[in-house]
Amino acid sequence: MNSYLSIVPKYLSTHKKGSMLAIISVAISVALVTGIFSMLDVLLQFEKIQVIHDYGNFHIAIENASEEEMQLIRSRVDVQNAGLWMDFGKALINGKECKLGALDQDFAPNMNIELTQGRYPKEKNELMLEQWAIEDLRLEVNDKVNISIGNGSSKEFVISGAYMDLGSTKASGIPGLLLSVSGAKELTYAGKSYYLVLFKDGVKVMKAEAEIKKAFNIQDNRVGRNDHLLAVIGQSTNKTAIGIYQTGAILFCMVLIAGIMMIYNTFNISVMERIRQFGLLRCIGASRSQIKKMVKREGLLITAKAIPIGVAAGLFITFLCSAILKYYNSSLFGEMPLFSFSIIGIAAGVGVGMLTVFIACHLPAKKAASVSPINAVAENIEIKIPKQKSRGYLTRIFHVETAMGINNAFMKKKTLFLMSCSIAVSIII
């Protein structure tokens with residue numbers, strides 16, 4: 001008896017008319033959720049790139065840090081990179097207004113300083129400036145220029161190189177000049193200095209900041225934060241990243257509801273079509289729990305087939321959307337990653353697929369288990385379909401199985417309601 005019952009689920013699942021429709025329904029739900037969360041992940045990555053481009057890649061900035069503080073902070077195991085930034089405000093280069101500063105060469109990539117020609121300034125009398133400024137001032141690498149600082153002093157420097165244009169300074173028409181750190185320290189004019197610190201991935205920035213303050217007795221007013229970057233990575237009181245994922249959570253729930261209604265409808269029709277078979281299984285000794293397991297096992301088989309299809313489709317949707325954004329508006333989305341393998345998106349898709357089937361097959365499984373063996377023998381549980389006087393018009397237009405599916409959907413008000421709600425939710429999404 002037990003060996004026979006173990007074969008029954010396979011027999012039922014292979015003869016299930018609605019299995020293909022259920023697989024398609026689950027795959028669509030998985031694809032939607034995978035695509036939604038993958039795109040949210042891509043947009044967060046894009047937002048992070050934009051923030052780094054506009055504000056720099058660092059987490060905290062310590063004002064007027066001493067040599068000892070800088071050395072000890074750099075030696076911390078949770079620090080990925082750190083560098084000194086010095087700001088001298090406005091100055092004059094050959095009589096034209098400019099912004100004067102200095103930056104450690106090792107930290108230059110973090111501040112989007114990319115060399116276009118020449119080399120970084122190393123000597124005390126060297127500097128570099130933006131590429132557009134060299135062209136605008138009709139200068140070349142190795143030319144000598146006169147720099148006048150805010151206190152009225154002036155000094156001659158040699159142009160060692162040029163770096164990529166920065167949007168903010170180019171738009172204002174005031175070029176940025178960078179001295180070597182050793183040269184900046186020789187200036188008599190006192191500027192502001194900041195020690196910029198970038199922590200490693202996974203480090204809790206707020207906790208690390210508190211440890212640094214306590215270890216070196218640094219006052220709160222000496223420590224600044226790159227709040228824009230911290231907001232994107234979810235380590236700030238700013239709810240930018242949380243707001244994006246809240247939107248994703250709402251869409252997740254909507255897809256879940258639509259999927260449950262659609263798949264429940266499919267499972268319910270399938271169970272009602274085979275309800276006499278379940279009754280006969282009760283006659284030969286199958287328990288209610290065994291019948292429930294049969295229906296739920298069918299759901300698991302459908303899920304196992306649908307999830308890989310849905311995940312692949314969702315990743316393809318993500319790639320397609322990224323490609324459209326990237327190439328349609330390259331000036332804005334040019335740095336958006338084209339291929340993105342989002343763990344969050346895949347996990348969300350797999351989760352919604354399993355959760356949808358689990359919830360949707362619960363009631364049909366309960367119905368199948370509640371079939372009475374006596375009624376099954378008496379053949380009183382057949383689905384009664386009203387006799388039609390003539391052949392239906394649907395069979396003239398569609399295939400017989402398609403026509404039967406449409407007919408079953410419209411015969412029952414509950415089925416029609418669930419299908420309509422599912423389509424409505426899908427349209428809203």
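Here are the numbers:
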| quantity | calculated |
| --- | --- |
| Hits in the range 234-256 (condition: open to solvent by 60 Å² or more (accessible area, probe 1.4 Å) and either closer than 17 Å to residue 354 by Cβ or at pLDDT 70 or above (or both)) | 246, 247, 250, 253 |
| Residues that are within 17 Å of residue 209 (Cβ to Cβ), open to solvent by less than 70 Å² (accessible area, probe 1.4 Å) and not small (Gly, Ala, Ser), drawn from the range 79-90 | 79, 81 |
| Residues (over 19 Å from residue 53 (Cβ atoms), open to solvent by less than 70 Å² (accessible area, probe 1.4 Å), at pLDDT below 90 and not in a strand (DSSP E or B)) located in the range 91-117 | 95 |
| Residues satisfying the stated conditions in the range 141-168, i.e. part of a loop (DSSP other than H, G, I, E, B) and of a type outside the set (D, E, K, R) | 141, 142, 149, 150, 151, 152, 153, 164, 166 |
| Selection status of residue 50, within 30 Å of residue 339 (Cβ to Cβ), open to solvent by 30 Å² or more (accessible area, probe 1.4 Å) and assigned to a strand (DSSP E or B) | no |
| Candidate set: the range 141-152, residues that are surrounded by fewer than 12 Cβ atoms within 10 Å (Cβ to Cβ) and modelled with pLDDT of 90 or more; chosen: the one nearest to residue 117 (Cα to Cα) | 142 |
| Number of positions in the range 177-212 that are under 19 Å from residue 113 (Cβ atoms) and open to solvent by less than 30 Å² (accessible area, probe 1.4 Å) | 12 |
| Test for residue 278: is it among the aromatic types (Phe, Trp, Tyr), in contact (Cβ under 8 Å) with a residue 12 or more places away in the chain, closer than 23 Å to residue 30 by Cα and crowded, with 16+ Cβ neighbours inside 10 Å | no |
| Residue in the range 297-316 that is nearest to residue 346 (Cα to Cα), counting only those that are under 24 Å from the mean Cα position of the chain (by Cα) and of a type in the set (A, V, I, L, M) | 311 |
| Scan of the range 63-78 for residues that are under 19 Å from residue 207 (Cβ atoms) and open to solvent by 50 Å² or more (accessible area, probe 1.4 Å), ordered by number | 72, 74, 75, 76, 77 |
| Counted residues, the range 287-321 - those being aliphatic (A, V, I, L, M) and touching a Lys or Arg at 6+ places or on another chain (Cβ under 8 Å) | 1 |
| Within the range 118-140, tally of residues that are over 14 Å from residue 187 (Cβ atoms), open to solvent by less than 70 Å² (accessible area, probe 1.4 Å), out of contact with any Cys (no Cβ under 8 Å at 6 or more places or on another chain) and not in a helix (DSSP H, G or I) | 6 |
| So residue 286, is it under 30 Å from residue 51 (Cβ atoms), modelled with pLDDT of 75 or more and either open to solvent by less than 70 Å² (accessible area, probe 1.4 Å) or in a helix (DSSP H, G or I) (or both) | no |
| The one condition in (1) more than 41 Å from the chain's Cα centre (by Cα); (2) buried (at least 19 other Cβ atoms within 10 Å of the Cβ) that residue 259 fails to fulfil | (1) |
| Number of the exception - residue 52 against (1) of a type in the set (Val, Ile, Thr); (2) at pLDDT 90 or above; (3) closer than 30 Å to residue 215 by Cα | (2) |
| Test: residue in the range 46-60 that is touching a strand residue (DSSP E or B) at 6+ places or on another chain (Cβ under 6 Å), farther than 30 Å from residue 247 by Cα and touching a residue at least 40 places away in the same chain (Cβ under 8 Å) | no |
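Yes/no per residue for (1) within 23 Å of residue 37 (Cβ to Cβ); (2) open to solvent by less than 40 Å² (accessible area, probe 1.4 Å); (3) modelled with pLDDT of 80 or more; (4) out of contact with any strand residue (DSSP E or B) (no Cβ under 9 Å at 6 or more places or on another chain):
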| site | (1), (2), (3), (4) |
| --- | --- |
| 294 | no, yes, yes, yes |
| 306 | yes, yes, yes, yes |
| 310 | yes, yes, yes, yes |
| 318 | yes, yes, yes, yes |
| 324 | yes, no, yes, yes |
| 336 | yes, yes, no, yes |
| 355 | yes, no, yes, yes |
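The values are calculated or read from the model by the stated rules, or taken from the named source; none is laboratory data. Quick caveat: nothing in here was measured; it's all calculated off a predicted structure. Neighbour counts are summed over all protein chains in view; Cβ atoms, including those assigned to glycine, are modelled from backbone coordinates with ideal geometry. Ligands, DNA and RNA are excluded from the accessible area calculation, which covers all protein heavy atoms including side chains. Shrake-Rupley method; radii C 1.70, N 1.55, O 1.52, S 1.80 Å.
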